[in-house]
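Notes to accompany the following structure.
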Amino acid sequence: MGFGKGIDSLRNGSDIRGVALEGVEGEEVNLTIDAVRSIARGFALWLSERLDKPFETLRVTVGRDSRQSGPAIVEAVRSELLSLGFTVVDCGIATTPAMFMSCVFDEIAADGAVMVTASHLPWNRNGLKFFTADGGVESSDINRICELAQTEGPSLEAADAVGEDRSFDLLDTYAAHLRTLICDRLDGDEPLAGLKVVVDAGNGSGGFYAQKVLAPLGADVSASQFLEPDGTFPNHIPNPENEEAMASITKAVLDAGADLGLIFDTDVDRSSAVDESGHEINRNAIVALAATLVAREHPGSTVVTDSVTSDELTAFLEGELGLHHLRYRRGYRNVINKMLELNDEGVECFLAIETSGHAAFLDNYALDDGAYLATLIVCAAARLKREGKGLSVLMAGLDEPAESREVRMRITEEDFRAKGSAVLEACEEWAERRASEDASRVCGDAVAVTVAKPNYEGVRVNFSGAVSGWFLLRMSLHDPILPLNIESSQVGGVEKIARVLRVFFAEVEGVDSSVL
């Protein structure tokens, strides 16, 4: 086939990602049309194998975000599947959660779905996400799809389509579904009348939420911005974690005197918010807000988060809301799978959420859906508006760390996974044996250093005494990088912890710790 090494390099956890267009110096296109066709064929073989159904009985939906490379990639997927006898339904501009729902909605009932997106990555990147009615594929499924993409089988050469070619306005159906959710929770023909909401889609796929969900129910969305799909992302990166993006929507909320701001990533599987006072609700705060939406109906249940959440968030979830906080691993599939595992074990867990804004609720197919989270937030804001209150009252008990810092240290040795594992093992040993002594000497006063346990990713180390805070050192999921997060409840504490860590890294070779 000739694509083996290239296809393997496109694997990105539970999806496919690569460079689709030229334009960024030093980046070569590796998500080629030939590679896409090969991967589409691998997905076809995998889906037939998974469902034990022949090609000609299978229906697959295909959608995309606003990226410029999207139409050509969609056409490559469509033509390959059609040539194999599939019924292919083109959904046009769509969202990742909507593409999953195309496997659930009775109007379509697809056997599988393909979403062409690279989430928040730069304009020249793209990728593919795959779904069945059971949810998104796992990393093991991606491995199998790529393996099948490289086996001999049906020709990759263009052929007359033998399958059935259809189109469907999926976002209309999906928007109607979200409107029903709002109407079921709120009274009145226009349950959002009087609520002013700024929606920032970042020129991704999320503009429909203002136009097709909120406005028909009476909300004032006149101050919304960047709703039109534009794959060059001319205004800001569509990413709720991006400082420029959050500053933009915060300004829009304050300028408009809005009750609420909602911001989506490119394919709308993530979202964050801004309250009526212009306070950003992202990272720890979006976790806290999502948890308040389930705490009353699910008291004492567990909330699974990624590994970089703050101690202050734990205090809010457990002390203010009466929930249990399980700090797990980074990666939205990791937190979702842990939620499902806990429920299978009889431990009630209704919410799995990352600080990035990936939020999955158990009653929504355990699907990370930014529009679903936004819908729950809108319902809460509408109820509070009727009481003369704003969304900020829900967050009043959440404290934030005084300081935080993240640095990414590059591993310079070729076998970066082995080196990274060795550094983590050495760091834990240092923290348990010598770190308290080193920290007390560096800080000039007594410091107690303890390794946090249980811990599910990297090494998390707590500091108390002359400096209060923690650090988490872990391996990147895919790159030769050691990300390091440091937080402190004291001004100046992050730098003190960093100084202590420099003592450890002074003895470590093969890692560029100069950024620390």
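The values are calculated or read from the model by the stated rules, or taken from the named source; none is laboratory data. In this text the structure is predicted, and so the values were computed from the model without any measurement. Here the Cβ positions follow ideal geometry from the backbone for every residue, glycine too, while neighbour counts run over all protein chains shown. Side chains included, ligands, DNA and RNA excluded: accessible areas come from the protein's heavy atoms. Shrake-Rupley method; radii C 1.70, N 1.55, O 1.52, S 1.80 Å.
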Output for the stretch 395-437, where each listed residue is among the aliphatic types (A, V, I, L, M), within 14 Å of PHE505 (Cα to Cα) and either open to solvent by 90 Å² or more (accessible area, probe 1.4 Å) or in contact (Cβ under 8 Å) with a residue 40 or more places away in the chain (or both): VAL407, MET409, ILE411, VAL423, LEU424, ALA426, ALA435
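Table: residues versus (1) surrounded by 15 or more Cβ atoms within 10 Å (Cβ to Cβ); (2) at positive phi; (3) at pLDDT 95 or above; (4) part of a helix (DSSP H, G or I).
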residue: GLU147; (1), (2), (3), (4): yes, no, no, yes
residue: SER155; (1), (2), (3), (4): no, no, no, no
residue: ASP160; (1), (2), (3), (4): no, no, no, no
residue: VAL198; (1), (2), (3), (4): yes, no, yes, no
Matching residues in the stretch 443-454 - criterion: being within 18 Å of SER488 (Cα to Cα) and surrounded by fewer than 17 Cβ atoms within 10 Å (Cβ to Cβ): GLY444, ASP445, ALA446, ALA448, THR450, VAL451, ALA452
Residue that is least open to solvent (accessible area, probe 1.4 Å), among those in the stretch 470-486 that are more than 20 Å from the chain's Cα centre (by Cα) and more than 15 Å from LEU516 (Cβ to Cβ): TRP470
Residue in the stretch 167-186 that is assigned to a loop (DSSP other than H, G, I, E, B), over 22 Å from ARG64 (Cβ atoms) and modelled with pLDDT of 95 or more present: yes
Flag if THR95 is in contact (Cβ under 8 Å) with a residue 12 or more places away in the chain and in contact with a Phe, Trp or Tyr (Cβ under 9 Å, 6 or more places away or on another chain): yes
Filter result (within 17 Å of CYS427 (Cβ to Cβ), surrounded by fewer than 22 Cβ atoms within 10 Å (Cβ to Cβ) and more than 30 Å from the chain's Cα centre (by Cα)) within the stretch 487-504: ARG499, ARG502, VAL503, PHE504
Extreme residue, most open to solvent (accessible area, probe 1.4 Å), among residues of the stretch 24-49 that are more than 15 Å from LEU128 (Cα to Cα) and over 26 Å from the mean Cα position of the chain (by Cα): GLU25
Top-ranked residue of the stretch 455-469 - restricted to ones that are within 30 Å of ASP15 (Cα to Cα) and in contact with a Ser or Thr (Cβ under 9 Å, 6 or more places away or on another chain), ranked as least open to solvent (accessible area, probe 1.4 Å): ARG460
Those helices (runs of 4 or more DSSP H) lying entirely in the stretch 224-323 with at least 3 residues farther than 20 Å from GLY390 by Cα and modelled with pLDDT of 95 or more: 243-256, 311-315
Selected residue [touching a His at 6+ places or on another chain (Cβ under 9 Å) and surrounded by fewer than 22 Cβ atoms within 10 Å (Cβ to Cβ)] from SER392, SER440: SER392
Cβ pairs under 7 Å, 6+ apart, first in the stretch 173-184 and within 11 Å of THR375 (Cα to Cα), second surrounded by fewer than 20 Cβ atoms within 10 Å (Cβ to Cβ) and of a type in the set (Lys, Arg): ALA175/LYS212
Close pairs (6 angstrom Cβ cut-off, 6 or more residues apart or separate chains): among the basic types (Lys, Arg) in the stretch 369-392, open to solvent by less than 20 Å² (accessible area, probe 1.4 Å) and not in a helix (DSSP H, G or I) anywhere: LYS385/LEU195
Pick from the stretch 80-107, criterion out of contact with any strand residue (DSSP E or B) (no Cβ under 8 Å at 6 or more places or on another chain) and surrounded by fewer than 19 Cβ atoms within 10 Å (Cβ to Cβ), ranking: farthest from PHE168 (Cα to Cα): GLY85
Long-range neighbours under 6 Å by Cβ, at least six apart or interchain, first residue without any contact (Cβ under 8 Å) to a residue 60 or more places away in the chain within the stretch 99-114, second of a type in the set (Phe, Trp, Tyr): CYS103/PHE131; ALA113/PHE131
Residues that are polar (S, T, N, Q) and either farther than 26 Å from TYR328 by Cα or at pLDDT below 95 (or both), drawn from the stretch 491-516: SER514
Residues located in the stretch 71-122, provided they are in a helix (DSSP H, G or I) and among the aliphatic types (A, V, I, L, M): ALA72, ILE73, VAL74, ALA76, VAL77, LEU81, LEU82, ALA98, MET99, MET101
Any hit, the stretch 250-268, residues being in contact with a strand residue (DSSP E or B) (Cβ under 6 Å, 6 or more places away or on another chain), among the acidic types (Asp, Glu) and closer than 24 Å to LEU178 by Cα: yes
Selection count where residues are free of Cβ contacts under 8 Å to residues at least 60 places away in the same chain, in contact with a strand residue (DSSP E or B) (Cβ under 6 Å, 6 or more places away or on another chain) and open to solvent by 60 Å² or more (accessible area, probe 1.4 Å), scope the stretch 221-249: 0
